[in-house]
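Below is one structure, written out as structure tokens; the observations come after it.
The values are calculated or read from the model by the stated rules, or taken from the named source; none is laboratory data. Treat the numbers as computed from the prediction; the structure is a model and nothing was measured. Cβ placement follows ideal geometry from the backbone for every residue including glycine, while neighbour counts extend to all protein chains displayed. Ligands, DNA and RNA are stripped out before the accessible areas are found, and what is left, the full protein with its side chains, is counted by its heavy atoms. Shrake-Rupley method; radii C 1.70, N 1.55, O 1.52, S 1.80 Å.
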Amino acid sequence: MKYMLIWRATDEGIAAMAGVDFEKMLETIGRYNDEMIRAGVLVAAEGLAGPDEGVVVDYSAEPPVVTDGPYGETKELFGGFYILNVASKQEAIEWAKRAPSVGPGFKTEIRRVTTIDEFPQDNEWIQKERAWREATGQL
């Protein structure tokens, strides 16, 4: 099963990271990533650019309203994610608990990634997506 680990940080957490040596942080996270690679569970991992580079598309109005970041109303921002292929939710939790460079102001949300097999297989759009996934080697 695939699980997404979504790293979230408050302003407090982000401020705490400001004093961390960048090279040391890369080494610490690199070791964690290497551990997951060697265990055969890491599928993908990416960090996200800061909120000042992002936008929000709000669908509450017609047409949707686009707002540039940073976002004053957001208490926690996603900073990056991992996708792991593990046997269970508990295994995903155990990997998240081992993450380095975390503390007050940081949280990890863990969500199962659904598979195409969970959708109605007689739906034409699911069939088209399945064909695309097969053609691109994703299935």
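For the range 79-136, a residue qualifies if it is closer than 24 Å to Asp21 by Cβ, out of contact with any strand residue (DSSP E or B) (no Cβ under 8 Å at 6 or more places or on another chain) and polar (S, T, N, Q), and exactly one does: Ser101. It is to be established whether one or more residues within the range 43-57 are among the small types (Gly, Ala, Ser) and at pLDDT 95 or above. Among the residues of the range 43-57, at least one is among the small types (Gly, Ala, Ser) and at pLDDT 95 or above, which makes the answer yes.
Return the residues of the range 26-57 that are of a type in the set (Val, Ile, Thr) and over 14 Å from the mean Cα position of the chain (by Cα); say none if nothing qualifies.
Across the range 26-57, the qualifying residues are Thr28, Ile29, Ile37, Val41, Val55, Val56, Val57.
For the range 4-21, which positions are surrounded by 14 or more Cβ atoms within 10 Å (Cβ to Cβ) and either assigned to a helix (DSSP H, G or I) or in contact with a His (Cβ under 8 Å, 6 or more places away or on another chain) (or both)? The answer is Gly13, Ile14, Ala16, Met17. Restricted to the range 22-139, the set of helices (runs of 4 or more DSSP H) holding at least 1 residues that are open to solvent by 70 Å² or more (accessible area, probe 1.4 Å) and in contact (Cβ under 8 Å) with a residue 60 or more places away in the chain comprises 22-39, 89-97.
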